[in-house]
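The values are calculated or read from the model by the stated rules, or taken from the named source; none is laboratory data. What you are looking at is a predicted structure, and each value in this text was computed from that prediction instead of being measured. Please note: Cβ atoms are built from the backbone with ideal geometry, for glycine as well, and neighbour counts cover all protein chains shown. SASA here: full protein model, heavy atoms, side chains in, ligands and nucleic acids out. Shrake-Rupley method; radii C 1.70, N 1.55, O 1.52, S 1.80 Å.
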Amino acid sequence: MALGAVASQRPLLLAGGCLPLLLLLLLLLCGQLGGGQKKKENLLAEKVEQLMEWSSRRSVIRMNGDKFRRFVKAPPRNYSVIVMFTALQPQRQCSVCRQANEEYQVLANSWRYSSAFSNKLFFTIVDYDEGADVFQQLNMNSAPTFMHFPPKGKPKRADTFDLQRIGFAAEQLAKWIADRTDVHIRVFRPPNYSGTIALALLVSLVGGLLYLRRNNLEFIYNKTGWAMAALCVVFAMTSGQMWNHIRGPPYAHKNPQNGQVSYIHGSSQAQFVAESHIILLLNAAITMGMVLLNEAATSKGDVGKRRIICLVGLGLVVFFFSFLLSIFRSKYHGYPYSFLIK
């Protein structure tokens, strides 16, 4: 009986001896996890503090390869980062980059000096001459490019701003950022009095002209003058000047690989500023040709002179309208359209 009782108590003694060891191991494991978590929190706090310090000096933080990998790519991160990849050095001759950078600065300043400013969103810039390794790492071969790096995970396709279709206006960038981060930025532009000054000069010029010719105002009733003014407005609107004003597209596009400059956008959903100027001139030339044809048909002058005017007008219409159709064909790849009749 005594030996059996001792034998039955031996497993209990072994279990009682192992229990403190298990508790000790659990405590060590929890301590390591807690220390790792605390270290992670300290690293995150240091990164946020550093970014806030840079933001207090400049709304857009300039980054090289090391800073980009540490503050944008590497975890931990609980903030969103908007990065503009660009090439602003004069030898790069990227006029679009400079124009986009101006809009980007307006947006970053609007966020920096707004009442909603916080450490949840930062604006940064990576110039090719300062971070060529970043461009290679992301397989990026064009500039400017805007990307959003979320707090967790990798950027998705929608985190790359569609610059070619939407343009780089600060308002469009703010809308895209709101869709990706739920941070709404109200764009505040610095006051620009050039439009007001130009309008005042125009009014003064017109008023002075009317005053000087106050005794002879028949020119106001000149139909040709009003027709020319109306045509100018029509040409501006039909060429897409209002679209340019709203979307803010680049003037042209330079391929960084071969240096080729494109003045006509390849998509039917977008255009360049240079493209609208080309369309304006083509429409004006076609209209001039139609005016000459009408003049040749309705005038009662010399027959030979009328024939020359008719040929010149016909040549303008045929040549420039063919050019206009070729541009239309390059943008709408299904042209000429065909209809299936059953």
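How much accessible surface area, in Å² rounded to 10, belongs to the heavy atoms of Met228 with a 1.4 Å probe?
Approximately 110 Å² for this residue.
Counting every Cα pair in region 219-331, what percent are over 22 Å apart?
48 percent
Between the DSSP loop rule and a limit of at most 14 other Cβ atoms within 10 Å, which trypsin sites (Lys or Arg not before Pro) in region 85-192 are left?
When the trypsin sites (Lys or Arg not before Pro) of region 85-192 are filtered for loop state and at most 14 Cβ neighbours within 10 Å, Lys120, Lys152, Lys156, Arg186 remain.
Provide the per residue accessible area, probe 1.4 Å, for region 219-331, rounded to a whole number of square angstrom.
64 Å²
For a protection proxy built on the mean count of beta-carbon atoms within 10 angstrom, sort 261-268, 313-320, 198-205 highest first, please.
By packing density, highest mean first, the sequence is 313-320, 261-268, 198-205.
Mind listing which trypsin sites (Lys or Arg not before Pro) in region 270-339 are in a DSSP loop and have 11 or fewer other Cβ atoms within 10 Å?
Loop-located and lightly packed - Lys300.
Filter the trypsin sites (Lys or Arg not before Pro) in region 189-232 to those in DSSP coil with at most 10 other Cβ atoms within 10 Å of their Cβ, and list the result. The partial results should precede the final answer.
On the way: sites: Arg213, Arg214, Lys223; in loops: Arg213, Arg214.
Hits after loop and neighbour filter: Arg214.
Tabulate in residue order the Karplus-calculated ³J(HN,Hα) for region 149-158, using 6.51 cos²θ - 1.76 cosθ + 1.60 with θ = phi - 60°, rounded to whole Hz; enter x for Gly and Pro.
10, x, x, 10, x, 8, x, 9, 4, 6
Which sequence of Cys232, Cys97, Cys310 reflects their accessible areas, 1.4 Å probe, from the largest down?
The ranking, largest first, comes out as Cys232, Cys310, Cys97.
In a shell of Cβ-Cβ distance under 13 Å around Lys154, excluding Lys154 itself, what net charge do Lys and Arg (+1) and Asp and Glu (-1) give?
+4
Measure nothing but the geometry: give the 0 to 90° angle between the long axis through the Cα atoms of 2-57 and the longest principal axis through the Cα atoms of the chain, rounded to 10°.
Once rounded, one gets 30 degrees.
Restricting things to Cα coordinates, could you compute the convex hull volume per residue of region 40-181 in Å³?
109 Å³
Share of the chain's accessible area from carbon and sulfur, percent, 1.4 Å?
Its accessible area is 63 percent carbon and sulfur atoms.
Choose one answer from Lys39, Lys254, Lys73: the residue with the largest mean-square fluctuation in a GNM of the chain with alpha-carbon springs under 10 Å.
Checking each option, the largest mean-square fluctuation is seen for Lys39.
On a 0 to 90° scale, report how tilted helix 95-112 is relative to the longest principal axis of the chain, with both axes built from alpha carbons and the result rounded to the nearest 10.
50 degrees
Would you calculate the volume per residue, in Å³, of the smallest convex hull containing every Cα atom of the chain? Could the numbers behind the result be given before it?
Values: hull volume 103.7 nm³, N = 342.
Given the Cα convex hull of the chain, per-residue volume reads 303 Å³.
Compute the acute angle (0 to 90°) between the alpha-carbon long axis of helix 170-181 and the principal axis of greatest extent of the alpha-carbon atoms of the chain; round to the nearest 10°.
Long axis of 170-181 versus the principal axis of the chain: about 30 degrees.
Mean shadow of region 117-201, computed from the convex hull of its alpha carbons, in nm²?
Quarter of the Cα hull surface area: 8.3 nm².
Under a 1.4 Å probe, what is the accessible area of region 40-181 per residue, stated in Å²?
Each residue of region 40-181 exposes 50 Å² on average to a 1.4 Å probe.
Students sometimes get this wrong: rank Trp111, Trp243 by accessible area, probe 1.4 Å, all chains present, largest first.
From most accessible down to least: Trp243, Trp111.
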